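K.L.:
First, the structure itself, so that you have it in front of you.
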Amino acid sequence: MSTNTASALSAAASLLRQARRIVCLTGSGVSAESGVATFRNVENGLWARFDPQRLATQEGFAANPGLVWQWYMHRLDAVEQAQPNPGHSALAELEHRLPVFTLVTQNVDDLHERSGSRHVLHLHGRINRFHCNVCGFDHDLRSSERRATAPPRCIACGGAVRPSVVWFGEPLPHRLLDKAWQASERCDLFLVVGTSGLVYPAAQLPLLAQQHGAPIIDINPEVTPLSEQAEIHLAGRSGALLPRLLELLGKET
Ligand code: OAD
C-alpha cells in the first residue's frame, strides 16, 4: 500500500491511463465536502447521532412512521440544498474521458448526477424517489406531502409511502447489484472513493475485482480495511485528490 506522495498520485494516474475498464465505488465521503453527513464519523456521522434501528429498518418504520418520514425528508432537504463538489465533477469527467467507466455508489443523494455523471448504479437506493412500502407502487410527491408529519398513503393500496432507500435487513436492488458485480469481475482497475468499506455487499466489489486481477486505488483521508488491501491508498479528501488525478491524467495522455 503506498500513500499520498506525488509518486503515488502519479502511479495512480498511470494505472488509470492504462486501464480499459474501470469501476468506481463511492461512499458518503465523496459528498462530505458538499456538506452531506457521512455515517460513521464519531462526532457528526448520522449513525453516531441517530439510532439506525429506529430510522432505517422495517421495524422502526412500523413503530414510528412519522418519525422515520420526517427524518428522511429532513435529510432530503439537506441533499437538495447541497451542491456537487470538485470530487463529483472529476468523476463525471472521468466517465467522459475513459473508455468504460462504471460508477457504483452507496449514496442516496443525486450529487453525481447533478455534476454530470450519466450512468450511476445506486446500490442503496435514492432519497428523492418514493414507493409504497406495501405494494411497491412508485409515487411522485407534492411538496405538501413531503412536508407532512406522517408518510403519504399509497394511491393504489392505501399503504404507507416511504423513501426508496435500502434499509437494514432489506435486499439491494438485484438488477443493479448484478450489473455492479459483473462490471467488477471484468474491470482492470477499481477506484474506491470515500467509503469506510464496512457495508457488504458493496465492500465486496473491490475485493472481487482484485481477485480477478484488477488493482485497487483508494481515496480516503483515513485508513480503512479497503485501503489496507489497495495497491495505492491516496490519503486525503476526494474533492482535492480527484481533480489532481484528472490533471495528471491529462498531462500524461
Ligand atoms: P461511512 O460513514 O461509513 O464512511 C465514510 C468514509 O468517508 C470514511 O471512511 C471517511 O474517512 C471518508 N471520508 C470523509 N470525508 C472524506 C472526503 N472529503 N473525501 C474522501 N473520503 C472522505 O459511510 P459509507 O462508507 O458511505 O447504507 O457507508 C456505507 C453505508 O453505510 C451507507 O450507504 C449507508 C450506511 O449505513 C445504507 O443506508 C443502506
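Every number here is computed from the coordinates shown, using simple stated rules; none is lab data. If you're wondering where the values come from, they're calculated on a predicted model, not measured in any experiment. Using ideal geometry, Cβ is built from the backbone for each residue, glycine included, and neighbour counts are taken over all protein chains shown.
K.L.:
What number comes out for the charge environment of PHE39, summing +1 per Lys or Arg and -1 per Asp or Glu over other residues with Cβ under 12 Å away?
P.N.:
With Lys, Arg at +1 and Asp, Glu at -1, the neighbours total +3.
K.L.:
Same structure again: Each residue of the stretch 104-120 in order: what ³J(HN,Hα) in whole Hz does its phi give by Karplus 6.51 cos²θ - 1.76 cosθ + 1.60, θ = phi - 60°, with x for Gly and Pro?
P.N.:
Listing the rounded values in order: 10, 10, 8, 7, 9, 7, 10, 6, 4, 4, 5, 9, x, 5, 9, 10, 10 Hz.
K.L.:
With just the Cα atoms defining each centre, how far is the stretch 1-68 from the stretch 165-181? Give it in Å.
P.N.:
So the separation of the two Cα centres works out to 16 Å.
K.L.:
When DSSP assigns beta bridges and you keep just the ones with both residues in the stretch 96-230, what percent turn out antiparallel, to the nearest 5?
P.N.:
Rounded to the nearest five, the antiparallel share is 55 percent.
K.L.:
Another question about this same structure. Over all alpha-carbon pairs of the chain, lay out the pair-distance distribution in 10 Å bins, whole %, shortest bin first.
P.N.:
7, 31, 34, 19, 8, 1
K.L.:
Have a look at ALA12, ALA63, ALA214 and tell me which one the Gaussian network model of the chain (Cα, springs below 10 Å) gives the largest fluctuation.
P.N.:
Evaluated over the chain, the most mobile residue of the options is ALA63.
K.L.:
How high is the relative contact order of the stretch 52-159? Use alpha-carbon pairs under 8 Å, at least six apart in sequence, and give a whole percent. Display every interim value, and only then the final one.
P.N.:
Working: 122 pairs, mean separation 26.1, N = 108.
Rounded, it is 24 percent for the stretch 52-159.
K.L.:
Sticking with this one: Each residue of the stretch 166-180 in order: what ³J(HN,Hα) in whole Hz does its phi give by Karplus 6.51 cos²θ - 1.76 cosθ + 1.60, θ = phi - 60°, with x for Gly and Pro?
P.N.:
7, 9, 4, x, 9, x, 6, x, 3, 4, 5, 5, 4, 4, 5
K.L.:
Using only Cα atoms, find the angle between the long axis of helix 86-97 and the longest principal axis of the chain, and express it within 0 to 90 degrees, rounded to the nearest 10.
P.N.:
70 degrees
K.L.:
Right, next: What is the projected area of the convex hull of the Cα atoms of the stretch 136-253, averaged over all directions, in nm²?
P.N.:
Taking the Cα atoms of the stretch 136-253, their convex hull projects to 10.8 nm² on average.
K.L.:
Measure nothing fancy, just the Cα-based angle from helix 6-18's long axis to the longest principal axis of the chain, in degrees from 0 to 90, nearest 10.
P.N.:
The two axes meet at around 80 degrees.
K.L.:
Which of ASP110, ASP178 has the fewest other C-beta atoms within 10 Å, and how do the rest follow up to the most? Show your work: numbers first, answer last.
P.N.:
Details: ASP110 20, ASP178 12.
In increasing order of surrounding Cβ atoms, one gets ASP178, ASP110.
K.L.:
Under 10 Å, Cα contacts only: if you run a Gaussian network model on the chain, which one of VAL108, VAL42, VAL100 comes out with the highest mean-square fluctuation?
P.N.:
It is VAL42.
K.L.:
First select every other residue whose beta carbon is under 12 angstrom from the beta carbon of MET73; then total the charges, Lys and Arg +1, Asp and Glu -1.
P.N.:
Overall, the nearby charge balance is +1.
K.L.:
Per residue of the stretch 214-228, what does 6.51 cos²θ - 1.76 cosθ + 1.60 with θ = phi - 60° give for ³J(HN,Hα)? Whole Hz please, x for Gly and Pro, Karplus curve as stated.
P.N.:
Values per residue, Gly and Pro as x: 8, x, 10, 10, 10, 10, 6, x, 10, 8, 10, x, 6, 4, 5 Hz.
K.L.:
Next up: Computed from the mean reciprocal separation of all distinct C-alpha pairs, what Kirkwood hydrodynamic radius does the stretch 39-165 have, in Å?
P.N.:
Computed over Cα pairs of the stretch 39-165, the Kirkwood hydrodynamic radius comes out at 16.0 Å.
K.L.:
Would you pull out the residues with amide H under 5 Å of PHE101's amide H, same chain only if 5 or more places away, H placed 1.01 Å from N?
P.N.:
ILE22
K.L.:
For LEU234, which sequence-distant residues (separation of 5 or more, or a different chain) have an amide H within less than 5 Å of its own amide H, given hydrogens modelled in the peptide plane?
P.N.:
Long-range HN contacts for LEU234: ASP218, ILE219, ASN220.
K.L.:
Turning to a different aspect of this structure: Given H placed on each backbone N at 1.01 Å, which residues far from VAL165 in sequence or on other chains put an amide H within less than 5 Å of it?
P.N.:
Result for VAL165 returns ARG126.
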